[in-house]
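Chemist: Just dropping this structure here.
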Amino acid sequence: MLLFLLLVYFPGNFFMAVAGRKQETRTVSVSIYYGSLILVFVLILLKCLEMIGKSDVLNRFVAALKIAATGKGQPDLSAVGIVFAASYGVSAFLGLVELFSFTGFFVLPEWMMRLLRRVCSVKPVEKAFNVLGCMASIFKGKPSGVRVNTGDLLVEPFVHFRRAGKRPFLEIVFKDGTVVKGECLRYTWNGTESVLLCGMDDPRELRWISLNETVSVRFLNLADLQERKKAGEELEKYLEDVKKSRKILNGLVPGYGDEVYGEILGKFKRTGR
């Protein structure tokens, strides 16, 4: 039981913690699912190293498990330690990859994305992903094919604003009717969801606001582009903002940004204004 916790449950939970997933989503079943995948990956890696004659850690680890089960002999603690270190190392690495990819800190190059798409389109790989998807749906208790996670609904708009290099202007309405407006400088989602706002009239005025008691959060600066155009804003700056807004909406719903802003950009290409 102790080995199961150390080699499966804790690595899976550690991966999700590093990836920035919310505490309520890090359930036992999901931790076991990810921990099992990580352990299988580590064992396959050790087996490959053994096949090319670079390591005998896997054989020593299996022998240590047999000794631990029978209670006869002294287990090879160094081999067990290497497997532990590899499991937690892989968990941390994959968690950081997910976190950096999600927040836009690291984006895969286009050639790597094309290569991954080609690899994933190969029939055996595609079938393997389908099997993993079915396994995930069993462990998570969700139907496969559709990702539904209401707890992360508000995270994505903020992430896509960050990726586009645009700060959101927010209008927050609370249950008691209070309305607060401001430019969002920071957003936290792990634990209590909250935002750091600076005042619209005085940028020196900063507020940390918890979103627990809010009725709605409105993103204002996706809707004010037409008004700014009428006000005669500099064309280059205006078009740059339109492209950023299109990128944000396309990130939330593929093609939605093209629907909303495609006509503006198409007209500019045709007329130059």
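Chemist: Going by the conditions given, is F41 open to solvent by 40 Å² or more (accessible area, probe 1.4 Å), within 30 Å of T188 (Cβ to Cβ) and not polar (S, T, N, Q)? Full working, then the answer.
Modeler: On the way: open to solvent by 40 Å² or more (accessible area, probe 1.4 Å): yes; within 30 Å of T188 (Cβ to Cβ): no; not polar (S, T, N, Q): yes.
No, not satisfied.
Chemist: Let me ask you something else. Residues of segment 161-193 being farther than 23 Å from S245 by Cβ, assigned to a strand (DSSP E or B) and at pLDDT below 90, which ones?
Modeler: Matches in segment 161-193: T188 only.
Chemist: Taking interchain pairs and intrachain pairs at least six residues apart, which have beta carbon atoms under 6 angstrom, with the first residue in segment 52-69 and free of Cβ contacts under 8 Å to residues at least 12 places away in the same chain and the second surrounded by 12 or more Cβ atoms within 10 Å (Cβ to Cβ) and not in a helix (DSSP H, G or I)?
Modeler: Filtered contacts from segment 52-69: I67/P75.
Residue-by-condition table, conditions (1) among the hydroxyl-bearing types (S, T, Y); (2) surrounded by fewer than 14 Cβ atoms within 10 Å (Cβ to Cβ); (3) in a helix (DSSP H, G or I):
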position	(1), (2), (3)
F4	no, yes, yes
V30	no, no, yes
A63	no, no, yes
A68	no, no, yes
G73	no, yes, no
G81	no, yes, yes
A92	no, no, yes
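Chemist: Turning to a different aspect of this structure: Could we say that N13 is touching a helix residue (DSSP H, G or I) at 6+ places or on another chain (Cβ under 8 Å) and surrounded by fewer than 19 Cβ atoms within 10 Å (Cβ to Cβ) here? Walk me through how you get there before you give the answer.
Modeler: Details: touching a helix residue (DSSP H, G or I) at 6+ places or on another chain (Cβ under 8 Å): yes; surrounded by fewer than 19 Cβ atoms within 10 Å (Cβ to Cβ): no.
Criteria not met by N13.
Chemist: For residues in segment 79-113 being of a type in the set (S, T, N, Q) and at pLDDT below 85, which is farthest from V40 (Cα to Cα)?
Modeler: The extreme case among them is T103.
The values are calculated or read from the model by the stated rules, or taken from the named source; none is laboratory data. All figures in this text were calculated on a predicted structure; none of them were measured in a lab. When we count neighbours, we look across all protein chains shown, and the Cβ atoms used for this are built from the backbone with ideal geometry, even at glycine. SASA here: full protein model, heavy atoms, side chains in, ligands and nucleic acids out. Shrake-Rupley method; radii C 1.70, N 1.55, O 1.52, S 1.80 Å.
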